[in-house]
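Participant: Have a look at the structure that comes next, please.
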Amino acid sequence: MRGLMLTAALAALYSITGIALAETPVKIGMVTTLSTKAGYLGEEIRDGFMLAMDQEGGRLGGVPVELLVDDDGRDPGKGKQIADRFIQRDGVKIMTGIVFSNVAMAVVPKVVRDQVIYISPNAGPSALAGEGCHENYFNVAWQNDNLHEAVGQYATDVGFNNVYLLAPNYPAGKDALAGFKRYYKGKVAGEVYTKLGQSDYAGELAALRAAAPDAVFFFLPGGMGINFIKQYAQAGLNQQIPLMGPAFSFDERLLRAVGDAALGVVNGSQWNHDLDNEANRVFVEAFRKAYGRTPTLYASQGYDAARLIGSALKQVGGDLSDTGAFRTALRKADFPSVRGAFKFATNQHPIQDIYVREVVRAGADGTTNETRKKVFANHKDAYAAECRM
Amino acid sequence: MLLFFEQLLNGLQLGVMLFLMSAGLTLVFGIMRVINLAHGSLYMVGAYVAATVFLHSGSFLLGLLAALAAAGMVGMLMELLVLRRLYGRDHLDQVLATFGLILFFNELTVVLWGRQPLFMNVPELLSGTIEVIPGAPYPSYRLAIILAGILVAGFLWFLFNHTRLGMRIRAGASNREMIAALGVNIKLLNTLVFGLGALLAGLAGAMAGPILAVESGMGESILILTFVVIVIGGIGSIRGALIAALLVGMVETLGGFLLPALLRLFLPAATADGAGASLASMSVYILMAAVLVWRPHGLFPAHE
């Protein structure tokens, strides 16, 4: 009975404030990884996203927005729970934030079927780019293979002909090496799959030295990469065999944990803080001012996700009742991306330039990334043709 | 062949690390009958304190000493505040409580140091490589770890076989009621043993700092292997821990190197590498199962 009274009172309240309700902010649900060792990735995405909101005083594209953030703890089950809650309790129509592909695979297919728009600021599993693509799913970062492909192309361009490959023994590790090999035309000196979460690579390094390759490509995300790079340098190998990898092991925050050991390493990325365009200059400066650190590529992706949403909200005037119109607005990608030119392919994944960067000294004892070369111009992922929308 | 010897050294180095971890754990397990899952946290404390002191002072030695002191102290506090209440309890209670400690320490490091892994460099003196075997340069820092492990093993041998304290600890491991009845302060002995174990874990952590990522949760990856070592070695036996640690270190390292090569003889390379990697990660557990079938109490159990 009391519950009924409360509902009635609320209903009355709603009818009185009906006009004010029209100005209710658009809710955006962010499911991301803020705890565990990988928690800094979600932190970067969230901070980048919130920076874009703060620059407009809590609005995106002139429309007031409210960001709901929750931590999935890198757990697909938990991610799914949060997404359900956002949709059912909070009535969220736009979601974003997921860092890891396995969490994305658990959350995204269900969410987009419920007519919620999902904009991925990081994970880009091939399953969602090819046959499993969906009109409500947009990826504003990259398809998972892209950064590996860029390094493969770079290896071909500079004429490496005997490259040693190393990745953890799990799906993303195998995809990484497959992505590299898609554009690398030389010989493979060795292809090694390490244990996921392995911390000591002494054995692998000894075998690597014995194979005498002319370069090494590795994909070891997070702490695994830190360990590998340090041990690679300690074994004196960084003076002999060039090391290459995707940007994931060389973001500005990991570089601080690796120190000089990463100097000279070449890595593939779609973005860097030194990219010369107006949007990027504004972003990097504002980010440094707001958070006191140099943004990583994850932060740039969070920022772009927010600005993409803003561009579409502006076109529909904040009205999300017509999902089709909102989708059309998103597809135009009418925002100045911090990475420069940006378009959506038919599978709603990026068409963008991809660069290689090199880790160089910055200041007395710090290191940072410097853009070296554009490897791909207007690069599209390998799965777009399989997507029928 | 060169590669094989280099891998032997790598196995030895991993074995030494595991020995430092398992020596303390096996004593605690053997004497106090407590399963301390939080032993890995002491390793993490060692690494964090060493890295922090190193960052601020620039001295590796100072970092190492601070790590020893901090890990020893945290260990004794842990014993006084938490584990002391668990001695008479069921193993399940101990597992729950010490698992709670893991969560506590992991979160504490995040609160104190943040999520970003800390950076710790190899001391200048040990930053190069040495050709122990001609033609295969080996990082001198890893050689220093091996040396440190041998020194610690020698120290422990002396402590346990030639000092009164060591005799009491051994006595406590084989019959704690009797030694208490003989008037030895078993409570103090427990705290000391725990402190010693923590100190060794801290030493392992501090030495691992320059090789590995110093990050929250780093203790868990080595903890599992440490448990394998003490089960193989026989609970409560330092000698067992030493031999089992070397055995596990060798199997872990050589397995990853030999198995894929072996499988490549009769399988296509890609399949062989994949299967070899999977088999190699199982090899330590297969070893443990085999030892337990042969000797259910481990190689050198302190009490049957």
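Participant: Pick out which of A:Q234, A:Q315, A:Q352 has the largest mean-square fluctuation in a Gaussian network model of chain A, springs linking Cα atoms closer than 10 Å.
Facilitator: Comparing A:Q234, A:Q315, A:Q352 in the GNM, the peak value goes to A:Q234.
Participant: Once you've got the GNM for chain B with C-alpha springs shorter than 10 Å, pick whichever of B:L247, B:L37, B:L81 has the biggest mean-square fluctuation.
Facilitator: B:L81
Participant: Follow-up question, since we're still on this one. What is chain B's relative contact order, in percent, from Cα pairs under 8 angstrom and six or more apart in sequence? Show your work: numbers first, answer last.
Facilitator: Working: 478 pairs, mean separation 103.4, N = 304.
It rounds to 34 percent for chain B.
Participant: Whole percent per 10 Å bin, from 0 to the bin with the longest distance: what is P(r) over all C-alpha pairs of the range B:184-304?
Facilitator: 12, 31, 33, 18, 5, 2, 0
Participant: Also, quick follow-up: How high is the relative contact order of chain A, in percent, with contacts defined as C-alpha pairs under 8 Å that are six or more residues apart?
Facilitator: Relative contact order, chain A: 18 percent.
Participant: Now for a different question. Gap in Å between the Cα centre of the range A:345-371 and the Cα centre of the range B:180-208?
Facilitator: Between the Cα centres of the range B:180-208 and the range A:345-371 lies a distance of 50 Å.
Participant: Quick one: 3J(HN,Hα) in Hz for the range B:118-128, Karplus 6.51/-1.76/1.60 with θ = phi - 60°, rounded, Gly and Pro as x.
Facilitator: Rounded to whole hertz, the list is 7, 9, 9, 9, 5, x, 2, 4, 10, 7, x.
Participant: Based on Cβ point charges of +1 for Lys and Arg and -1 for Asp and Glu, what charge dipole magnitude is obtained for the range B:141-295 about its Cα centre, in debye rounded to the nearest 20? Walk me through the intermediate numbers first.
Facilitator: Values: 9 positive and 5 negative charges, 125 e Å.
Once rounded to the nearest 20, the dipole reads 600 debye.
Participant: What is the ratio of the Cα radius of gyration of the protein assembly as shown to 2.2 N^0.38 Å, where N is its residue count, to two decimals?
Facilitator: In units of the globular-protein estimate, the protein assembly as shown measures up at 1.05.
Participant: Further, regarding this structure: For a quick size check, give me the Cα extents of chain B along its three principal axes, largest first, whole Å.
Facilitator: Answer, in whole Å and largest first: 63, 51, 37 Å.
Participant: Within 10 Å of each residue's Cβ, count the other Cβ atoms and sort A:M53, B:M282, B:M1, A:M30 from fewest upward.
Facilitator: If I rank by nearby Cβ atoms, fewest first, I get B:M1, B:M282, A:M53, A:M30.
Participant: Here is a further query. For a bin width of 5 Å, list the pair-distance distribution of the range A:223-304 built from all Cα-Cα distances, rounded to whole %.
Facilitator: Pair shares across the bins are 3, 14, 24, 21, 15, 12, 7, 4, 0.
Participant: Sticking with this structure for a sec: Sorted from largest down, what three extents in whole angstroms do the Cα atoms of the range B:56-195 have along their principal axes?
Facilitator: Its Cα atoms span 58, 42, 28 Å along the three principal axes.
Participant: Follow-up. So how far, in whole Å, is the C-alpha centre of the range B:45-109 from the one of the range B:1-19?
Facilitator: One Cα centre to the other: 28 Å.
Participant: If you take the C-alpha gyration tensor of the range A:247-389, multiply each eigenvalue by 5 and take the square root, what semi-axes do you get, largest first, in whole Å?
Facilitator: 31, 19, 11
Participant: While we're here: Using θ = phi - 60° and the Karplus form 6.51 cos²θ - 1.76 cosθ + 1.60, what ³J(HN,Hα) does each residue of the range B:252-266 get, whole Hz, x for Gly and Pro?
Facilitator: 4, 6, 6, x, x, 9, 7, 4, x, 5, 5, 5, 5, 5, 10
Participant: Could you bin all the Cα-Cα distances of the range B:128-197 into 5 Å bins starting at 0 and give me the percent of pairs in each, rounded to whole numbers?
Facilitator: Over the range B:128-197, the share of Cα pairs per 5 Å bin runs 4, 14, 18, 16, 11, 8, 8, 7, 7, 4, 3, 1 percent.
Participant: Using only the Cα atoms of the range B:206-275, construct the convex hull and provide its projected area averaged over every direction, in square nanometres to one decimal. Provide the component values of the computation, followed by the final result.
Facilitator: Values: hull surface 26.1 nm².
For the range B:206-275, the mean projected area of the Cα convex hull comes to 6.5 nm².
Participant: Give me the one-decimal Kirkwood hydrodynamic radius in Å for the range A:145-190, with the sum taken over alpha-carbon pairs.
Facilitator: Working: mean 1/r = 0.0966 Å⁻¹.
Every distinct Cα pair counted, the radius reaches 10.4 Å.
Participant: Another one. On C-alpha positions alone, give me the angle between the axis of helix B:164-174 and the longest principal axis of chain B, in degrees, nearest 10.
Facilitator: Roughly 90 degrees between the two axes.
Participant: Continuing with the same structure: Step through the table entries A:K181/A:K343; A:K37/A:K380; A:K187/A:K380; A:K185/A:K373; A:K289/A:K314, compare each Cα-Cα distance with 22 Å, and write down the pairs that go over it.
Facilitator: A:K181/A:K343; A:K37/A:K380; A:K187/A:K380; A:K289/A:K314
Participant: Another question, then. Mind checking the dipole of the protein assembly as shown: about its Cα centre, +1 per Lys or Arg Cβ, -1 per Asp or Glu Cβ, Debye to the nearest 20?
Facilitator: The dipole magnitude comes to about 960 debye.
Participant: Then there is this: Once every DSSP H run of n ≥ 4 in the protein assembly as shown is given -39500 (n - 2.57) and the sum is divided by its residues, what mean residue ellipticity at 222 nm do you get, rounded to the nearest 500 deg cm²/dmol?
Facilitator: -18500 deg cm²/dmol
Participant: Counting DSSP beta bridges with both partners in chain A, what percentage is antiparallel, nearest 5?
Facilitator: Values: 19 of 51 bridges.
Roughly 35 percent of the DSSP beta bridges within chain A come out antiparallel.
Participant: Restricting everything to alpha-carbon atoms, can you work out Rg to Rh for the range A:277-342 with a Kirkwood hydrodynamic radius?
Facilitator: 1.06
Participant: Share of antiparallel DSSP beta bridges in the range A:235-389, in percent to the nearest 5?
Facilitator: Roughly 85 percent of the beta bridges in the range A:235-389 run antiparallel, per DSSP.
Participant: Note the full-extension length gain between A:D114 and A:D274 as 0.36 nm times their separation in residues minus their Cα-Cα distance, in nm to one decimal. Before the final figure, lay out the partial values.
Facilitator: Numbers: separation 160, 0.36 × 160 = 57.60 nm, distance 3.97 nm.
Taking A:D114 through A:D274 to full extension adds about 53.6 nm, to one decimal.
Participant: Could you give the alpha-carbon Rg of chain A over 2.2 N^0.38 Å, rounded to two decimals?
Facilitator: So the Cα radius of gyration is 1.04 times the expected 2.2 N^0.38 Å.
Participant: Per the Kirkwood formula on distinct C-alpha pairs, the Rh of the range A:151-237 is how many angstrom?
Facilitator: 13.0 Å
Participant: Along the positive direction of the dipole of the range B:127-260 (beta-carbon charges: Lys, Arg +1; Asp, Glu -1; about the Cα centre), which of B:L258, B:F158, B:G233 reaches farthest?
Facilitator: B:F158
Participant: Another question about this same structure. Considering only DSSP beta bridges where both residues belong to the protein assembly as shown, give the percentage that are antiparallel (nearest 5).
Facilitator: If we restrict to bridges inside the protein assembly as shown, about 40 percent are antiparallel.
Participant: In addition: What does the range B:1-134 give for Rg and for Dmax, in Å, if only its C-alpha atoms count?
Facilitator: 17.9, 55
Participant: Which value, in debye to the nearest 20, describes the size of the charge dipole of the range A:183-307 about its Cα centre when Lys and Arg Cβ atoms bear +1, Asp and Glu Cβ atoms bear -1, and nothing else is charged?
Facilitator: The calculation lands at about 160 debye.
Participant: Using just the Cα positions, wrap the range A:224-267 in a convex hull and report its mean projected area in square nanometres, one decimal place.
Facilitator: 2.6 nm²
Participant: Kirkwood-based Rg over Rh for the range A:15-108 (C-alpha set), two decimals? Each step should come with its number before you reach the end.
Facilitator: Working: Rg = 14.4 Å, Rh = 14.0 Å.
Here the Rg-to-Rh quotient is 1.03.
Participant: Pick from B:L192, B:L265, B:L64: which residue has the top mean-square fluctuation in a GNM of chain B where Cα pairs under 10 Å get a spring?
Facilitator: B:L265
Participant: If the chain between B:H91 and B:L62 were fully stretched, how many nm would it gain, using 0.36 nm times the residue separation less the Cα-Cα distance?
Facilitator: 6.6 nm
Participant: Let me check against my output: what whole-number percent is the relative contact order of the range A:31-151, with C-alpha pairs under 8 Å and at least 6 apart?
Facilitator: It rounds to 21 percent for the range A:31-151.
Participant: When the Karplus curve 6.51 cos²θ - 1.76 cosθ + 1.60 is applied with θ = phi - 60°, which whole-Hz ³J(HN,Hα) does each residue of the range B:286-298 get, with x for Gly and Pro?
Facilitator: After applying 6.51 cos²θ - 1.76 cosθ + 1.60, I find 5, 4, 4, 4, 4, 4, 5, 5, 6, 9, x, 9, x Hz.
Bear in mind these aren't lab numbers, they're just calculated from the coordinates by the rules spelled out. Being a predicted model, the structure only gives us computed values, none of them experimental. So basically every Cβ, Gly included, is an ideal-geometry build from the backbone, and we count neighbours across all protein chains shown.
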